[in-house]
């Protein structure tokens, strides 16, 4: 009886210990994820709403901090009325502040096509090996930055010529991941785009 009682006590103690170890490891993993940040480069006007908020929800769901940067700080207006808040200008954004970058699409993103700060950021993140992502027509930014040469990539149909001109291996697919570059072709792939960024940032 005593021996059986002791076995139960020991088993209970071991279970509690394992539970504490699991909790500690799990908490550590979550704390590491919480430390990660991504910058969403978003147009002041006419960005594509779901290309912004769907990936944002997915990333924030695993405690990745999403920071929005634009040509100005303050409220940004989506094509269908969604409001985003920019806390940085792209001029003041730095590679060292973030673990990844994503360029949000929509017709408004054309303001970044030849913007020197937007192009510099794309180059900085790409060369550092950090996830560098774009969706919809915003993939033209990566092409103009010169980082799609020899890379499989996709874009909204209007941007096909720009990608080819930039040396990309244009696939016309919904989503492409080539090294640390992630491209998606439009709002229908917004969730897959977000998940691909999530996977890339978890490595």
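Worth a mention:
- Among 88, 193, 112, 126, sorting on how many other beta-carbon atoms sit within 10 Å of each Cβ, with the fewest leading, yields 88, 126, 112, 193.
- Share antiparallel - DSSP beta bridges, segment 36-201, percent rounded to 5: 25 percent
- Estimated FRET transfer efficiency (residue 96, residue 60; beta-carbon r; R0 22 Å; 0.05): 0.50
- Peptides 130-137, 92-99 ranked from most to least packed by the mean count of surrounding Cβ atoms within 10 Å: 130-137, 92-99.
- Whole-angstrom gap from segment 170-191 to segment 126-155, using each part's C-alpha centre: 10 Å
Values quoted throughout were computed directly from the atomic coordinates according to the rules given, and no laboratory measurement underlies them. The structure displayed is predicted, hence computed values, not measured ones. Neighbour counts run over all protein chains shown; Cβ positions are idealised from the backbone, glycine included.
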